[in-house]
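Below is one structure, written out as structure tokens, with a few remarks after it.
What follows draws every value from the coordinates through simple rules; no lab data is involved. Not measured: the values here are computed from a predicted model. Neighbour counts are summed over all protein chains in view; Cβ atoms, including those assigned to glycine, are modelled from backbone coordinates with ideal geometry.
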Amino acid sequence: MTKRVVTLAHYYTQPEIQQMADKVGDSLELSLYAKEANADIIVFAGVRFMAETAKILNPQAEVILPDAGSTCSLVTQTDVAALAKWRKQHPDHVHVSYINSSAEHKALSDWIVTSRNVDDIIAHLYAEGKKVIFSPDRNMGGYLNYQYGYDMPLWSAVCEVHDKFNEAALDEAFAVAGAEKYLIAHPESPLPVLKKADYVGSTSGMLNWVKQFSGSPDAVIFVATEDGILYNMGLARPDLDLRQAPIYAGCQCNSCPYMKMNTIEAVKRAQQGVGLRIDYLSREQMDAARLPIERMLEFSQRYYA
Ligand code: SF4
């Protein structure tokens, strides 16, 4: 019998990969799609933690990552044994983890969040009188502490792509961009960049901001996130002057090397069943990691209904 193959692609993959996919989205959208997917095989053109999340949410499906090297610096900079020790040092805190984390990391968490719902979930926990520790992204956690006056202890890992955006390069770009300019930024960026932003939000949030933009047609919009999303933004609003925020003068070149490992050939091979099979997680690991993810999904259904 022919196997049903569903291909998912993150916004940060190259346009040709997105065109091959059944669904294109950010982490939360793809997780939800994977959970409900009626598929024998899910090919996940993204990075490994995303494929693991798909497997955890849809354990019946065979999940294949096109290139085994597609990791994420937020994962590789986090030693799970040290994380477990850090968590034990805060026994009266709720441990909130960003979805950009390994399955083992998720299993050590009380809540998983995405960049779309992190503000609301942490506000909800504080409203209940809880104390919170946040991992692994120190830029995202630092922004939340700054923006809302929290005092969350933070784990110290960064996205090696977003962490390259910097104030000096932005100031130079702003200086020559004309009278009307905007910055929209992903919260994985450093705080000095986020402080300058007109909008801070998830990849989908930034895409929506661009779709709804009603300023001058002469405006320049700088986008501080991975360059893949510029493709979707350009499709949605070809009339706008959209530029990736620079990391140094003259550079609109900040790509995620792990996302770009999803080549056309690798995705085609994965659709034939060749790639990294996410079959190494034990049932116990998946059950433990699923709990905080389900908590987030239930919250999102209630809160955003
Ligand atoms: S862009 Fe950053 S957070 Fe996203 S997969 Fe690449 S390294 Fe990880």
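Give the peptides 145-157, 105-117 in descending order of average Cβ contacts within 10 Å, highest first.
On the way: 145-157: 15.6, 105-117: 23.0.
Descending mean neighbour count gives 105-117, 145-157.
Students often forget the sequence filter, so: which lysines lie under 23 Å Cα-Cα from LYS35 once same-chain residues fewer than 8 apart are removed?
Result set, ordered by chain and number: LYS3, LYS23, LYS55, LYS106, LYS268.
Averaged across orientations, what area in nm² does the convex hull of the alpha carbons in segment 163-244 project?
Values: hull surface 19.1 nm².
The Cα convex hull of segment 163-244, projected and averaged over all directions, gives 4.8 nm².
What is the dipole size for the chain, taken about its Cα centre, with +1 at each Lys and Arg Cβ and -1 at each Asp and Glu Cβ, in debye to the nearest 20? Walk me through the numbers before you get to the answer.
Numbers: 29 positive and 37 negative charges, 117 e Å.
In total the dipole reaches around 560 debye.
Report Rg(Cα)/(2.2 N^0.38 Å) for the chain, keeping two decimals.
Numbers: Rg = 19.1 Å, N = 305, 2.2 N^0.38 = 19.3 Å.
Ratio of Rg to 2.2 N^0.38 Å for the chain: 0.99.
So how strong a dipole does segment 163-244 carry about its Cα centre when Lys and Arg Cβ are +1 and Asp and Glu Cβ are -1, to the nearest 20 debye? List each step's numbers first, then the result.
On the way: 7 positive and 12 negative charges, 38 e Å.
For segment 163-244, the charge dipole is close to 180 debye.
Answer with one residue from GLN244, LEU230, SER202: the one whose Cα lies farthest towards the positive end of the charge dipole of segment 163-244, charges on Cβ with Lys, Arg +1 and Asp, Glu -1.
It is SER202, whose Cα lies furthest towards the positive end.
Which one of ASN117, ALA54, ASN166 is farthest out on the positive end of the charge dipole of the chain, using unit charges on Cβ (Lys, Arg +1; Asp, Glu -1) and the Cα centre as origin?
After comparing all options, I get ALA54.
Please work out the Kirkwood hydrodynamic radius for segment 63-110, using every pair of different C-alpha atoms, and report it in angstroms with one decimal place.
Details: mean 1/r = 0.0836 Å⁻¹.
Taking every pair of different Cα atoms in segment 63-110, averaging 1/r and inverting gives 12.0 Å.
What distance in nm separates the two pseudo spin-label positions at PHE174 and TYR148, each 7 Å out from Cα along the beta-carbon direction?
2.6
Could you work out [θ]222 nm for the chain from helices alone, using -39500 (n - 2.57) per DSSP H run of at least four and dividing by all its residues? Round to the nearest 500 deg cm²/dmol. Could the numbers behind the result be given before it?
On the way: 14 runs with 125 residues, N = 305.
The helix-only estimate for the chain comes to -11500 deg cm²/dmol at 222 nm.
Enter the Cα centre distance for the pair segment 159-220 and segment 1-45, rounded to the nearest angstrom.
28
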